[in-house]
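Scroll down for the structure; my scribbles are underneath it.
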Amino acid sequence: MNPGQAKLIFPGAAEAWLLALITEMPRWGIDTPNEEASFCAQIGHESRGLTVFEENLTYSVSRLMQVWPKRFPDLAAALPYAHNPEALAERLYGGRMGNDQVGDGCRYCGRGPVMLTGKDNYIEAGKALGIDLVGHPTFLLIPKVGAQVACWYWRTRGLDAWDDDNDVRAETRLVQGGTLGLAERQREFDRVLKILKTTEAT
């Protein structure tokens with residue numbers, strides 16, 4: 001993926017993020033049109049086109065009940081967490097994914113292009129890359145670090161085993177933990193692949 005293609009794929013992204021991605025992707029073996037399209041479709045969906053790099057946990061009551069119907073089946077269950085991101089983070093992430101201290105749910109919420117979540121993932125990524133993400137979780141908001149972590153995640157979670165077809169179901173499950181936004185991710189994959197195959201290197 002070259003700079004011109006990156007700009008077409010992520011028109012709203014800051015140049016620093018585009019540069020970081022096109023530098024890191026080939027270093028991690030994300031370098032064929034299908035691989036690039038699959039990767040970009042997933043991180044593009046997670047980060048709203050490389051414009052949002054921290055999970056927004058400010059939800060209304062109705063939205064909480066819609067997104068997590070099992071956790072918040074009624075008004076009484078949802079009300080304490082509405083417009084209360086710290087409490088919601090603890091409700092969603094506290095006591096799992098390595099989050100073992102009060103406040104860890106919010107401290108290690110989703111960040112970076114791939115929305116890395118949970119202390120265990122922060123520890124693992126930090127050790128692999130030689131970066132103190134546990135002590136400094138917001139380092140994931142730095143383009144170079146965020147791009148490195150996104151590529152590291154793609155490689156270590158085996159996503160490259162699934163990105164040579166034209167179906168994003170497997171990648172979506174591995175990135176998102178389910179199929180949330182599957183149709184949008186598929187449309188984004190198709191759009192990105194078309195750009196990569198119809199534009200010349202610049």
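The values are calculated or read from the model by the stated rules, or taken from the named source; none is laboratory data. On a predicted model such as this, the values are computed, not experimentally measured, just so you know. When we count neighbours, we look across all protein chains shown, and the Cβ atoms used for this are built from the backbone with ideal geometry, even at glycine. Just the protein is used for accessible areas: all its heavy atoms, side chains included, with ligands, DNA and RNA removed. Shrake-Rupley method; radii C 1.70, N 1.55, O 1.52, S 1.80 Å.
Which condition does Asp163 not pass, out of (1) in contact (Cβ under 8 Å) with a residue 24 or more places away in the chain; (2) in a helix (DSSP H, G or I); (3) touching a helix residue (DSSP H, G or I) at 6+ places or on another chain (Cβ under 9 Å); (4) not aliphatic (A, V, I, L, M), if it passes all the others?
Result: Asp163 fails condition (2) only.
Whether any residue in segment 56-77 is out of contact with any Asp or Glu (no Cβ under 8 Å at 6 or more places or on another chain), in contact (Cβ under 8 Å) with a residue 40 or more places away in the chain, open to solvent by 50 Å² or more (accessible area, probe 1.4 Å) and not in a helix (DSSP H, G or I) is what I want to check.
no
Would you check which residues across segment 140-164 are open to solvent by 70 Å² or more (accessible area, probe 1.4 Å) and either over 16 Å from Thr51 (Cα atoms) or touching a strand residue (DSSP E or B) at 6+ places or on another chain (Cβ under 6 Å) (or both) and list them?
Scanning segment 140-164 gives Arg155, Ala161, Trp162, Asp164.
Give the number of residues within segment 177-202 that are open to solvent by less than 60 Å² (accessible area, probe 1.4 Å) and in a helix (DSSP H, G or I).
Within segment 177-202, residues that are open to solvent by less than 60 Å² (accessible area, probe 1.4 Å) and in a helix (DSSP H, G or I) number 10.
Given the conditions (1) aromatic (Phe, Trp, Tyr); (2) closer than 18 Å to Ala147 by Cα; (3) at pLDDT below 95, which single one is not true for Trp68?
The one condition Trp68 does not meet is (2).
If we scan segment 130-142, do we find a residue that is more than 15 Å from the chain's Cα centre (by Cα), in contact (Cβ under 8 Å) with a residue 40 or more places away in the chain and over 18 Å from Asn99 (Cα atoms)?
The answer is no, given that none of the residues of segment 130-142 is more than 15 Å from the chain's Cα centre (by Cα), in contact (Cβ under 8 Å) with a residue 40 or more places away in the chain and over 18 Å from Asn99 (Cα atoms).
Give me a count of the residues in segment 91-130 that are surrounded by fewer than 19 Cβ atoms within 10 Å (Cβ to Cβ) and part of a loop (DSSP other than H, G, I, E, B).
Here the count works out to 11.
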